[in-house]
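Nothing in this text is a laboratory measurement; each read-out follows from the coordinates by a stated rule. Quick caveat: nothing in here was measured; it's all calculated off a predicted structure. As a convention, Cβ positions derive from the backbone with ideal geometry for all residues, glycine included, and neighbour counts pool all protein chains shown.
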Amino acid sequence: MGPYEYLLTKIDGDYAYLTRTDVQGEEPLFIARALLPPEAEEGTRLHYEMFTYTIV
């Protein structure tokens, strides 16, 4: 799967909303924050590949 580029657009408790930056018109992805790097915050750009999120 991937690679995909995301923007962390919103943090809601233990969950986060990610929006694809490489594709237009997709719904935001709603995932557990535990899957993201601990230093990720709103506005962070993320790279997803091989079931791993890394900060760009």
**Request:** State yes or no: is GLU39 among the charged types (D, E, K, R), in contact with a strand residue (DSSP E or B) (Cβ under 8 Å, 6 or more places away or on another chain) and part of a loop (DSSP other than H, G, I, E, B)?
**Result:** yes
**Message:** Looking for something polar (S, T, N, Q) and more than 12 Å from the chain's Cα centre (by Cα) - is there at least one such residue anywhere in segment 16-24?
**Reply:** yes
**Request:** Identify the residue in segment 27-56 that is touching a Lys or Arg at 6+ places or on another chain (Cβ under 9 Å) and surrounded by 12 or more Cβ atoms within 10 Å (Cβ to Cβ) and, among all such residues, is farthest from TYR6 (Cα to Cα).
**Result:** ALA40
